[in-house]
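J.: The structure is given below, and queries will be raised subsequently.
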Amino acid sequence: MDSTLHWNDTDVEVHKVVVGPYDNNVFVIRCRHTGEAVMLDAANEHEMLLDLCRTLGVRTVLETHGHWDHIQAVPAVRDAGFEVGVTAADAEMLPSYDYILEDDQMITVGKAKLHTIITPGHTPGSICFKLVDKPLLFTGDTLFPGGPGATKWEYSSFDTIIESIDRRLFPYAPDTIVLPGHGDDTTIGAERPSLQTWVDRGW
């Protein structure tokens, strides 16, 4: 699956595919020592994602939030035997799921670890994942190049997403790579100086 390889070092591979009408990023984080992997967001194009799961050794799927464009393949991956995790606050947005993701827990992926960071604002239960001891932060629709995710829904909150980004994501090192749910990568260092600009503009 070299064509999907997005980032790697001696310990970890990150694979990326872009699926569906909204160009959703789907990431697979794989331990190179054990071959175990997890998928972030079963968004769409379930046949491609199932092929990716089987090829790369995916054990489970973690949903960054419950918006429909990020969950279209959830029934298919569950039917194929892969468990799906989501936060309690977003669980009712999914057609089905298997377990609840909580804040500040460690998810083991072979010898690698993902640290969970609940970042409400875009949705009440949006969650990000930091790869421990690696410069990678998977932000779903919480943080993008150029600003926060949209907060136009009645259950969203601009003030809350700004607080989530400022308190929970921006403390990471400037060279931390941000891998969002849509679009290109950025870094904490590239985005942090713009926080007040985002606050002033209101989106």
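J.: Picking from THR34, HIS6, ILE188, whose Cα lies most toward the positive end of the charge dipole for the chain (charges on Cβ: Lys, Arg +1; Asp, Glu -1)?
T.: Checking the options against the dipole of the chain, the answer is THR34.
J.: For the pair LYS152 and TRP68, how long in nm is the line joining their label points, each one 7 Å along Cα→Cβ?
T.: 1.4
J.: Count charges around GLN72 for me, please; just the other residues with Cβ under 11 Å from its Cβ, Lys/Arg as +1, Asp/Glu as -1.
T.: -3
J.: Cα to Cα, under 20 Å, and not fewer than 8 places away if on the same chain: which lysines meet these conditions relative to LYS134?
T.: Once the sequence-local lysines are set aside, what remains near LYS134 is LYS16, LYS111, LYS113.
J.: Residue separation times 0.36 nm, minus the C-alpha to C-alpha distance between ASP2 and ASP51: what's the value?
T.: On the way: separation 49, 0.36 × 49 = 17.64 nm, distance 1.39 nm.
Between ASP2 and ASP51, full extension yields an extra 16.2 nm.
J.: What list do you get for GLU13, GLU47 if you sort them by fewest beta carbons within 10 Å? Don't skip to the end; give the middle numbers.
T.: Numbers: GLU13 21, GLU47 9.
Going from least to most buried by this count: GLU47, GLU13.
J.: Let me ask something additional. What is the fewest-to-most order of SER96, SER157, SER3, SER164 by other Cβ atoms lying within 10 Å of their Cβ?
T.: On the way: SER96 12, SER157 17, SER3 6, SER164 25.
Placing the least packed residue first, the sequence is SER3, SER96, SER157, SER164.
J.: Might you report the magnitude of the Cβ-based charge dipole of the range 1-105 about its Cα centre, with Lys and Arg at +1 and Asp and Glu at -1, to the nearest 20 debye?
T.: Dipole of the range 1-105, to the nearest 20 debye: 320 debye.
J.: What is the fewest-to-most order of THR186, THR55 by other Cβ atoms lying within 10 Å of their Cβ?
T.: In order of increasing Cβ crowding within 10 Å: THR55, THR186.
J.: From zero up to wherever the largest Cα-Cα distance of the chain sits, split into 10 Å bins and tell me the percent of pairs in each.
T.: P(r) over the chain, rounded to whole percents: 9, 39, 38, 13, 1.
J.: Working from Cα positions, state the angle (0 to 90°, nearest 10) between the long axis of helix 46-56 and the longest principal axis of the chain.
T.: Its long axis makes an angle of about 70 degrees.
J.: If you don't mind, there's one more thing I want to ask. Would you work out the charge dipole size for the chain about its Cα centre, treating the Cβ of every Lys and Arg as +1 and the Cβ of every Asp and Glu as -1, and quote it to the nearest 20 debye?
T.: That gives the chain a dipole magnitude of about 380 debye.
J.: What does the charge count around ASP104 come to, taking other residues whose C-beta lies under 14 Å from its C-beta (Lys +1, Arg +1, Asp -1, Glu -1)?
T.: Details: positive: LYS113, LYS130, ARG167, ARG168; negative: GLU102, ASP103.
Taking every other residue near ASP104 into account, the sum is +2.
Where a number appears in this text, it was derived from the coordinates with a stated rule and is not lab data. Everything quoted here is computed from the prediction, not taken from an experiment. Cβ atoms come from the backbone with ideal geometry, glycine included; neighbour counts cover every protein chain shown.
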